[in-house]
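Peer 1: I have a structure here, written as structure tokens, and I will follow up with some questions on it.
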Amino acid sequence: MHSETDLYRQMSALDAEHFNTCFYCGCIATEYDLVPGIKHAEFYLRTREEADFYKVPACRECFYFLKDDNSALLGQRVDVAKRCLARKYKKAIRIYEVWNIDEIDELDYQLKHSVNAGMILGKESCQRVAFTGFDYEADGVKHSTHFVKNEVFVIFGEKFDNFRDALEHGHKAYRIPKAKLIELFTEHNHCFDTAINSFHEKLTRKILDKNLKRQCTAFALKHKQNLKFVMRTIELYCTQDQRLTYDMALDKLYLEIIRD
Ligand SMILES: [Zn+2]
């Protein structure tokens, strides 16, 4: 059996500002995360599969997230910790992304209180998820590999370095409720452009459908026709010839079928 000190290289931050900082989330470190965990160490030694063998400063929460994880590379463990953080604080992160200060002022006391608390926790959680680690030294070798890529969100060419700002912009500039925009963003493969386009296409479609129904109803009454028949025929005409407006299609129906 190997001892912990033989196997693992202590990771130390290069900058004083990161001493005692959790490498995974930036909180105060009170534990060490072993990469890989001690109970998986023998496996990596025996199989010679790639493993970092780092002793990483970690906060209590990240330490517990990673306790039973068997990944042996620092980058993999960063991913696991971030995933756990994002999952655990999902609700608060959502509140932080969706609400802004002036909207909260309008809420009643109880709700204001809980949304405020969510905002604070959500903001902190976002920062922890986005924390990019720090430059460190292990066994006398300096490392400045960062495993967290700063995600950039683009809305029709305009760039935002966090989801919250992008959402705010999408909401204001394209007049889409934030919750709806998040839903569409997720549905459309995390792409704001297609999410926004699909929202407006659906909206246009709804307006057109309403107009179609209104015009067809008037037509059906005037010419004593069945409404469903009129609507189906108009839709058919319009698909066959995309240049037709509803008025033109109704004229066509009148001339070709009803008049005789
Ligand atoms: Zn942490």
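The values are calculated or read from the model by the stated rules, or taken from the named source; none is laboratory data. What you see is a predicted model; the values in this text were computed from it and never measured. Heads up, the Cβs are rebuilt from the backbone with ideal geometry, glycines too, and the neighbour counts pull from every protein chain shown.
Peer 1: Evaluate the following for G170: is it among the small types (G, A, S) and assigned to a loop (DSSP other than H, G, I, E, B)?
Peer 2: No; evaluated as a whole, the condition is false for this residue.
Peer 1: If you don't mind, there's one more thing I want to ask. Among the residues of the stretch 1-57, count how many are among the aromatic types (F, W, Y), within 16 Å of the ligand (Cβ to nearest atom), in contact (Cβ under 8 Å) with a residue 40 or more places away in the chain and surrounded by fewer than 21 Cβ atoms within 10 Å (Cβ to Cβ). Write out each step before concluding.
Peer 2: To start, the set of residues in the stretch 1-57 that are among the aromatic types (F, W, Y) comprises 8, 19, 23-24, 32, 43-44, 53-54.
After this cut, where a residue has to be within 16 Å of the ligand (Cβ to nearest atom) as well, the list is 19, 23-24, 32, 54.
Now drop any that are not in contact (Cβ under 8 Å) with a residue 40 or more places away in the chain, which leaves 23-24, 54.
Checking the rest, the ones that are also surrounded by fewer than 21 Cβ atoms within 10 Å (Cβ to Cβ) come to none.
Summing the residues that are among the aromatic types (F, W, Y), within 16 Å of the ligand (Cβ to nearest atom), in contact (Cβ under 8 Å) with a residue 40 or more places away in the chain and surrounded by fewer than 21 Cβ atoms within 10 Å (Cβ to Cβ) in the stretch 1-57 gives 0.
Peer 1: For the structure I just gave you, tell me whether N116 is assigned to a loop (DSSP other than H, G, I, E, B) and not hydrophobic (A, V, I, L, M, F, W, C).
Peer 2: No: the conditions fail for N116.
Peer 1: Going residue by residue through the stretch 132-140, is there one that turns out to be crowded, with 19+ Cβ neighbours inside 10 Å, out of contact with any Lys or Arg (no Cβ under 8 Å at 6 or more places or on another chain) and in a helix (DSSP H, G or I)?
Peer 2: No, the conditions are met nowhere in the stretch 132-140.
Peer 1: Quick check on this structure: which one of I93, I104 is under 30 Å from P36 (Cβ atoms), assigned to a helix (DSSP H, G or I) and among the β-branched types (V, I, T)?
Peer 2: I93
Peer 1: Further question: Residue check: is L74 within 14 Å of the ligand (Cβ to nearest atom) and over 18 Å from H143 (Cβ atoms)?
Peer 2: No: the conditions fail for L74.
Peer 1: Any residue in the stretch 227-248 that's surrounded by fewer than 12 Cβ atoms within 10 Å (Cβ to Cβ): show its pairings with residues that are at pLDDT 90 or above at Cβ separation under 6 Å, as long as the two are six or more apart or on different chains.
Peer 2: none
Peer 1: Here's another thing I want to ask about it. Can you say whether Q215 is of a type outside the set (K, R) and assigned to a loop (DSSP other than H, G, I, E, B), as far as the supplied structure shows?
Peer 2: no
Peer 1: Another question, if that's okay. If you check every pair at least six apart or on different chains, which have Cβ atoms under 9 Å apart with a residue in the stretch 58-79 that is within 16 Å of T21 (Cβ to Cβ) and in contact (Cβ under 8 Å) with a residue 60 or more places away in the chain first and a residue that is more than 11 Å from the ligand (Cβ to nearest atom) and hydrophobic (A, V, I, L, M, F, W, C) second?
Peer 2: L74/M11; L74/V35; L74/F147; V78/F147; V78/V148
Peer 1: Please identify the pairs in which a residue from the stretch 200-217 that is under 29 Å from A173 (Cα atoms) has its Cβ atom under 9 Å from the Cβ atom of a residue that is in a helix (DSSP H, G or I) and not small (G, A, S), counting only partners at least 6 apart or on another chain.
Peer 2: Note: pairs meeting the criteria are H200/Y174; L208/Y246; N211/Y246; L212/M231; L212/I234; L212/E235; L212/C238; L212/Y246.
Peer 1: Find all pairs meeting these conditions: Cβ atoms under 6 angstrom apart; at least six residues apart or on different chains; first residue within the stretch 150-177 and over 28 Å from D79 (Cβ atoms); second residue of a type outside the set (A, V, I, L, M).
Peer 2: F156/D193; H171/K178; I176/F199
Peer 1: From the list E183, E235, E151, which residue is over 27 Å from I93 (Cα atoms) and not β-branched (V, I, T)?
Peer 2: E235
Peer 1: Listed residues I182, I234, I257, I196; which is touching a strand residue (DSSP E or B) at 6+ places or on another chain (Cβ under 8 Å), part of a helix (DSSP H, G or I) and of a type outside the set (D, E, K, R)?
Peer 2: I196
Peer 1: Can you tell me which of R87, R94, R83, R128 is within 16 Å of the ligand (Cβ to nearest atom) and in contact (Cβ under 8 Å) with a residue 24 or more places away in the chain? It would help to see each step written out before you state the result.
Peer 2: Details: R87 fails: in contact (Cβ under 8 Å) with a residue 24 or more places away in the chain; R94 fails: within 16 Å of the ligand (Cβ to nearest atom); R83 fails: in contact (Cβ under 8 Å) with a residue 24 or more places away in the chain.
Criteria check complete, one pass: R128.
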